[in-house]
1. What shape does region B:3-73 take by its C-alpha gyration tensor, where a ≥ b ≥ c are the square roots of the eigenvalues and a/c under 1.5 counts as rounded, a/b above b/c as prolate, and the rest as oblate?
2. Sketch the reach of a paramagnetic label on A:Asp58 as a point 7 Å from Cα along Cα-to-Cβ, and name the residues of region A:91-107 whose backbone nitrogen lies under 15 Å away.
3. When each pair of different Cα atoms in chain A is counted once in the 1/r mean, what is the Kirkwood radius in angstroms, to one decimal?
4. Once amide H atoms are placed 1.01 Å from N in the peptide plane, what residues at a sequence separation of 5 or more from A:Val7, or on another chain, have their amide H within under 5 Å of its amide H?
5. Pull up the DSSP beta bridges for the protein assembly as shown and report the antiparallel fraction as a percent, rounded to 5.
6. What translational diffusion coefficient, to the nearest whole µm²/s, does region A:20-106 have by Stokes-Einstein, given a Kirkwood radius computed over alpha-carbon pairs, a temperature of 4 °C and 1.567 mPa s viscosity?
7. Mind checking which helices in chain A clear 27 Å along their axis (Cα) and have mean Kyte-Doolittle hydropathy of -1.0 or more, DSSP H runs only?
8. About the Cα centre of the protein assembly as shown, how large is the charge dipole given +1 on each Lys and Arg Cβ and -1 on each Asp and Glu Cβ? Please answer in debye to the nearest 20.
Amino acid sequence: MSRVVLVTGGNRGIGLATAERFQTSGHKVAVTARSKVGEGLEDLFVVKCDVTDKDSVDAAVTEIEESLGPVEILVSNAGITRDGLVLRMNDGDFSEVLDANLTGGFRVARRVVKQMMRARWGRIVFVSSVVGLGGQAGQANYAASKAGITGLARSLAKEFAGRNITVNVVAPGPIDTDMLAALSDAQRDAMLDMVPLGRLGAPQEIAAAIEYLASEDAGFVTGTVLPIDGGLSMG
Amino acid sequence: MSDNFERFANCAVEVLSVDADQVVLEATFESLDADSLDLVELVMALEEEFDVNVEEEELDGILTVQGAYDLILSKI
């Protein structure tokens with residue numbers, strides 16, 4: 001069955017891989033991005049959206065609803081980093097990351113869930129991170145935002161369970177994306193040493209899990225946090 | 001039946017998926033099979049229809065169609 005899918009931050013990395021996977025499976029896919037640039041986006045319905053701005057979210061979702069129909073599957077993936085040690089991290093670095101990664105997901109979910117309620121069917125998948133589970137030196141803001149997603153997702157899961165809407169979280173470990181390319185070689189090596197499977201994950205491996213959580217088959221799965229991290233978070 | 005009540009009832013019919021003849025003043029939301037989420041959804045539809053603003057705490061104790069209708073009427 002073809003569904004209308006929205007992937008925020010879908011112009012690269014995990015978001016793009018997820019959008020492509022849904023597209024290949026025959027769904028109608030919209031992606032939002034702060035800027036419309038990006039390669040491989042030709043076949044996707046790209047809408048400009050800043051998730052830190054309520055009006056921008058509203059305008060983007062309205063455009064998608066008019067062109068494709070009400071959003072049935074939301075993949076909340078848009079995120080930013082402003083890494084730094086806590087002693088060197090100013091309030092802006094902290095609150096801007098929270099606003100984009102956590103409050104941004106809230107804004108988009110709030111906007112689309114009303115139509116899911118009407119339809120008595122919906123799937124929301126948040127993209128968190130392994131650092132939201134274990135914390136990470138130099139990423140207090142990012143880790144806090146990603147941990148917050150779990151509380152947000154599980155609350156949504158409970159509020160909307162009666163409307164047949166499931167809400168789940170994936171927690172990727174180190175994945176081969178632009179975000180990780182920003183790390184130094186030493187940081188990358190240190191991270192790989194901690195991954196039992198000894199390699200980076202591919203964005204497509206996250207996309208596969210997201211597609212499952214958004215599928216008809218996952219109808220009894222809600223409020224779960226699924227680590228996809230080569231074993232990094234199992235302790 | 002007043003024009004305002006008809007607009008109110010139309011919202012209730014659409015949001016709660018009930019028949020128009022069930023939306024009478026004495027009906028409780030419980031009897032219409034409407035839970036708290038339905039009520040919030042109905043209020044959002046009514047806010048749009050009547051161009052009014054309902055605060056969260058004003059919904060406390062609203063159990064009947066009469067209660068909700070009076071609340072909306074008091075704002076227009």
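Readers should treat all values here as calculations from the given coordinates under stated rules, not as data from a laboratory. A quick note: this is a predicted structure, and the numbers were derived from the prediction, not measured. Quick reminder, even Gly has a Cβ in these numbers, built from the backbone with ideal geometry, and neighbours come from all protein chains shown.
1. Details: a/c = 1.41, a/b = 1.13, b/c = 1.25.
Rounded, since a/c falls under 1.5.
2. A:107
3. On the way: mean 1/r = 0.0565 Å⁻¹.
For chain A, inverting the mean 1/r across all distinct Cα pairs yields 17.7 Å.
4. Residues meeting the criterion, in which the H sits 1.01 Å from N, are A:Ala30, A:Val31, A:Thr32, A:Val75.
5. Working: 1 of 29 bridges.
Antiparallel bridges: around 5 percent, rounded to the nearest 5.
6. Values: Rh = 14.5 Å.
Once the numbers are plugged in, D ends up at 89 µm²/s.
7. On the way: long enough: A:140-160 (30 Å, 0.10).
Once both thresholds are applied, what remains is A:140-160.
8. On the way: 25 positive and 49 negative charges, 286 e Å.
Computed charge dipole of the protein assembly as shown: roughly 1380 debye.
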